[in-house]
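Q: First the structure, which I've put down as structure tokens, then a few questions once you've had a look.
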Amino acid sequence: MKSFLKVDDQITIHLPKLEFAEEIFEIISNQQLYLGEWLPWVERTKSVEYLRAFLKDAARFNQGGQKLTTYVLYDGKIAGSVSFVKIDKEMRTAELGYWLREELQGKGIMTKACQRLIDYNFRTKAINRIEIKVATNNGKSIKIPERMGFLHEGTLRQAAFFYNQYFDMELFSLLKDDWLKMKNE
Ligand SMILES: CC(C)(COP(=O)(O)OP(=O)(O)OC[C@H]1O[C@@H](n2cnc3c(N)ncnc32)[C@H](O)[C@@H]1OP(=O)(O)O)[C@@H](O)C(=O)NCCC(=O)NCCS
């Protein structure tokens, strides 16, 4: 299967395809407790049909440039997703989001996939700033922007509301200049 971006021999990044629906749905429905802790859309994902509709919308938003949803495959199987969940073309900013299936944590898959998508976008698209917003208590996720050299800009107080409660979010950002400097370019 042709990939959108290759990360290494095991990790590839793919645009949404309807044929992924069953595999993604199986992960989401089997890992509800783990994924749902920080991703409120997990409990809305109740059927393969819902996921098919999501994938169709995602392809449309990708084409329109409002978002960039992609899926990460590890050894040819869906491992998770790394996406620009919001793109503001006028301001040249994008917000990165990600999830990984539980048993594939701890191998650096998501950090490597994020780095590949970030590099591709800074080099080929008019995006100057990438943000990551992570709930203050989501320690595993906070390590990802930290590991990639994002700047911690502060805490967004009660910036998210799900499961009937407010969550503070940590705001991280990376500029194109920061990225090229890190690459010595
Ligand atoms: C957030 C999430 C993607 C983090 O997964 P992860 O496996 O820790 O992240 P990575 O794939 O980047 O792997 C990093 C881990 O692999 C280790 N690792 C091994 N080889 C590595 C390599 N070559 N490069 C980087 N890290 C490597 C790191 O040390 C780190 O482990 P540690 O946390 O014990 O220090 C995952 O926990 C998840 O999907 N959670 C649920 C959904 C969620 O919270 N999404 C984010 C919402 S903001």
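A short reminder: the numbers here are calculations on the coordinates, not readings from a lab. A quick note: this is a predicted structure, and the numbers were derived from the prediction, not measured. With ideal geometry, Cβ positions are generated from the backbone for all residues, glycine too; neighbour counts draw on all protein chains shown.
Q: Note the full-extension length gain between Asp57 and Lys6 as 0.36 nm times their separation in residues minus their Cα-Cα distance, in nm to one decimal.
A: 16.0 nm
Q: Moving on to the next point. Given an 8 Å cut-off on Cα distances and at least 6 residues of separation, report the relative contact order of the range 88-185 as a percent.
A: Once divided by the residue count of the range 88-185, the mean separation gives 27 percent.
Q: For the range 40-176, what is the convex hull (Cα atoms) projected area averaged across all directions, in square nanometres?
A: Average of the hull's projected areas for the range 40-176 equals 9.0 nm².
Q: List the residues, sorted by chain then number, that are 5 or more residues from Asn128 or on another chain and whose placed amide H is less than 5 Å from its amide H.
A: Amide H neighbours of Asn128, under 5 Å, 5+ apart: Thr93.
Q: Another question, if that's okay. So what is the calculated 222 nm ellipticity per residue for the chain, using -39500 (n - 2.57) for each DSSP H run with n of 4 or more, over all residues, to the nearest 500 deg cm²/dmol?
A: Computed ellipticity for the chain at 222 nm equals -10500 deg cm²/dmol.
Q: Can you find, among Ala53, Ile27, Val42, the residue sitting farthest towards the positive end of the charge dipole of the range 1-60, where Lys and Arg contribute +1 and Asp and Glu -1 at Cβ?
A: Among Ala53, Ile27, Val42, the one farthest towards the positive end of the dipole of the range 1-60 is Ala53.
Q: With θ taken as phi - 60° and the coefficients 6.51, -1.76 and 1.60, list the Karplus ³J(HN,Hα) couplings across the range 6-13 in order, rounded to whole Hz; mark glycine and proline as x.
A: Going residue by residue, I get 9, 9, 7, 5, 9, 10, 10, 10 Hz, with x marking Gly and Pro.
Q: Given Cβ point charges of +1 (Lys, Arg) and -1 (Asp, Glu) and nothing else, what value in debye, to the nearest 20, does the dipole of the range 5-182 about its Cα centre take?
A: The calculated dipole for the range 5-182 is roughly 480 debye.
Q: Quick check: Cα centre of the range 2-50 to Cα centre of the range 122-185, how many Å?
A: 22 Å
Q: Let me ask you something else. Could you list Tyr74, Tyr163 in order of exposure, starting from the residue whose Cβ has the fewest other Cβ atoms within 10 Å?
A: Tyr163, Tyr74
Q: Using each residue's phi in the range 92-103, evaluate 6.51 cos²θ - 1.76 cosθ + 1.60 at θ = phi - 60° and report the 3J(HN,Hα) Karplus result to the nearest Hz, with x for Gly and Pro.
A: 6, 10, 9, 10, 9, x, 7, 8, 9, 5, 4, 6
Q: Let me ask you something else. What FRET efficiency comes out for the pair Glu19/Lys89, r = Cβ-Cβ distance, R0 = 41 Å, nearest 0.05?
A: According to the calculation, E is roughly 0.90.
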